[in-house]
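Peer 1: Below you will find the structure I want to go over with you.
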Amino acid sequence: MVLEASDRAAGSWPHYYDSLTLFSPARYSSLPGMPFPGADRDRYPHRDEVAAYLTAYAHRLDADVRTGRRVTSVRRDGSAFEVVLEDGGQLTASAVVAASGTFGRPHRPALPGLEEFTGQVLHAADYRSPAPFTDRRVAVVGAGNSAVQIAAELATAARVTLATRRPVEFAAQRILGRDLHFWTARTGLDIAPLGRLLPRPPAQPVLDDGRYRAALAAGRPDRRPLFTGAEGVKLIWPDGQREEVDAIVLATGYRPDLPYLTGLGGALDTGGNPRHREGLAINVPGLAFVGLEWQRSLSSNSLRGVGRDAERITRRLAAHLARR
């Protein structure tokens, strides 16, 4: 049984910003058993294409997929799990897989002066298009793919600064005529079990075909070190300049969205992050995770890689249930 909080089995994809496209080509963006549709296997699918693909994939599954079913808590009931739904319903399960992603938990770091800033503050999760920001002054915080993409898009309609703690690092989208994902797959880097070796996920460079590097070089957007404070609607930049800003967009990432597991002692650490080893909960037998960043490898939280992790944890959960 699959419990999906939204009204369709497409996860968070329908809610991302309007212009979002995958960073990987269609040929590297498929779930097991169903290639991504379309004749051009080297194109970068749009947000709406991905949502449609996931919806179609769910229809093909031999599973009971229930939409509009938000889980509020998972508790132990003897040797089984009791799953409580927002509508008051309850289910009993021998094993639970938490695959709820990160979109529901936008990361809002404690930035200098952010609490004092009286202009508009929104997270990238709430951003859709540049239209509402036309002719306004905007600061985008972040140095990752989404931050750079949003800042460059906003710069077509507004005056935009990309505020970062460090310089933006770029990686070429194509190398020797091939997309980067061809090389990560060919070299085995995509599936190498490096997750257990990383104390925390490393910062990912911005994948670029040249347009974003050129946009920053042209000052659209310009890049500055992170502001040091705020006074009302004015941001204070490191050089002491005080500048009126209409809005701050926090493109500062997400964290695993797992509040329903807080009642399972040992499932999460004090920061609400899962305690696991390659997707299997360390202290809660029968609980597993899918889709975590670097759960096992570079591709763990991507369409091309999540199937491999799902297969691994399924085999291990099956063995656990067989022992019981």
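The values are calculated or read from the model by the stated rules, or taken from the named source; none is laboratory data. If you're wondering where the values come from, they're calculated on a predicted model, not measured in any experiment. Methodologically, a virtual Cβ is constructed for each residue, glycine included, from the backbone with ideal geometry; neighbour enumeration extends over all protein chains shown. The protein model used for the area step is the full one, side chains on, heavy atoms only, and it has no ligands, DNA or RNA in it. Shrake-Rupley method; radii C 1.70, N 1.55, O 1.52, S 1.80 Å.
Peer 1: Peptides 31-40, 88-97: what's the order by average Cβ count within 10 Å, highest mean first? Let's see the in-between values first.
Peer 2: Working: 31-40: 12.3, 88-97: 14.4.
Final packing ranking: 88-97, 31-40.
Peer 1: What share of all Cα pairs of the chain, in percent, falls into each consecutive 10 Å distance bin?
Peer 2: Reading upward from the zero bin: 5, 23, 31, 25, 13, 3, 0.
Peer 1: Report ³J(HN,Hα) in whole Hz for each residue of the stretch 67-79, in order, from the Karplus equation J = 6.51 cos²θ - 1.76 cosθ + 1.60 where θ = phi - 60°; Gly and Pro get x.
Peer 2: Once rounded to whole Hz, the list reads 8, x, 10, 8, 8, 9, 7, 10, 10, 6, 10, x, 8.
Peer 1: With all protein chains present, how much of the accessible area of the chain (probe radius 1.4 Å) comes from carbon and sulfur, to the nearest whole percent?
Peer 2: Here carbon and sulfur together make up 51 percent of the probe-accessible area.
Peer 1: Which order do the peptides 276-287, 72-83, 216-227 come out in when sorted by mean C-beta neighbours inside 10 angstrom, highest first? Walk me through the numbers on the way to the answer.
Peer 2: Values: 276-287: 18.3, 72-83: 14.9, 216-227: 16.6.
Averaged packing, sorted descending, gives the order 276-287, 216-227, 72-83.
Peer 1: Now, a different point. For the stretch 54-156, count all C-alpha to C-alpha pairs, find those more than 21 Å apart, and express that count as a whole percent of the total. Could the numbers behind the result be given before it?
Peer 2: On the way: 3122 of 5253 pairs.
Within the stretch 54-156, distances greater than 21 Å cover 59 percent of Cα pairs.
Peer 1: Could I ask something else about it? Summing -39500 (n - 2.57) over the DSSP H runs of n ≥ 4 in the chain and dividing by its residue number, what mean residue ellipticity at 222 nm do you reach, to the nearest 500 deg cm²/dmol? Mind dumping the intermediate values first?
Peer 2: On the way: 5 runs with 57 residues, N = 324.
The per-residue figure over the chain is -5500 deg cm²/dmol.
Peer 1: Place +1 on the Cβ of every Lys and Arg and -1 on the Cβ of every Asp and Glu in the chain, take the dipole about the Cα centre, and give the residue among A5, G113, T134 whose Cα lies farthest towards its positive end.
Peer 2: It is A5, whose Cα lies furthest towards the positive end.
Peer 1: A further question follows. Please report how far the C-alpha centroid of the stretch 203-238 lies from that of the stretch 84-159, rounded to the nearest whole angstrom.
Peer 2: 17 Å
Peer 1: When ranked by the protection proxy of mean other Cβ atoms within 10 Å per residue, highest first, what sequence do the peptides 253-266, 181-194 form? Walk me through the intermediate numbers first.
Peer 2: Working: 253-266: 17.5, 181-194: 15.1.
So the peptides 253-266, 181-194, ranked by packing, come out 253-266, 181-194.
Peer 1: Between L122 and A319, what's the calculated FRET efficiency when r is the beta-carbon distance and R0 is 35 Å? Round to 0.05. Display every interim value, and only then the final one.
Peer 2: Numbers: r = 45 Å, r/R0 = 1.30.
The calculated FRET efficiency here is 0.15.
Peer 1: Related question: Output ³J(HN,Hα) for the stretch 19-24: one whole-Hz value per residue in order, computed from phi by the Karplus curve 6.51 cos²θ - 1.76 cosθ + 1.60 with θ = phi - 60°, and x for Gly and Pro.
Peer 2: Per residue, the Karplus-derived 3J(HN,Hα) values read 8, 4, 10, 5, 7, 10 Hz.
Peer 1: Along the Cα→Cβ direction, 7 angstrom out, place labels at S79 and D42. What is the inter-label distance in nm?
Peer 2: That separation, rounded to one decimal, is 5.6 nm.
Peer 1: Calculate the dipole size of the stretch 231-324 relative to its Cα centre from +1 charges on Lys and Arg beta carbons and -1 charges on Asp and Glu beta carbons; express the result in debye to the nearest 20.
Peer 2: On the way: 13 positive and 11 negative charges, 211 e Å.
It comes to approximately 1020 debye.
Peer 1: What's the extension gain from L194 to M1 if we count 0.36 nm per residue and subtract their Cα-Cα distance?
Peer 2: Values: separation 193, 0.36 × 193 = 69.48 nm, distance 3.06 nm.
Extra length available between L194 and M1 comes to 66.4 nm.
Peer 1: Mind running the shape call on the stretch 159-285? Use the C-alpha gyration tensor, a ≥ b ≥ c as the square roots of the eigenvalues: rounded below 1.5 for a/c, prolate if a/b tops b/c, oblate otherwise.
Peer 2: Numbers: a/c = 3.31, a/b = 1.28, b/c = 2.58.
Oblate, because a/c is 1.5 or more while a/b does not exceed b/c.
Peer 1: Taking just the alpha carbons, could you work out the radius of gyration and Dmax for the stretch 226-324, both in angstroms?
Peer 2: Rg, Dmax (Cα atoms, Å): 20.6, 66.
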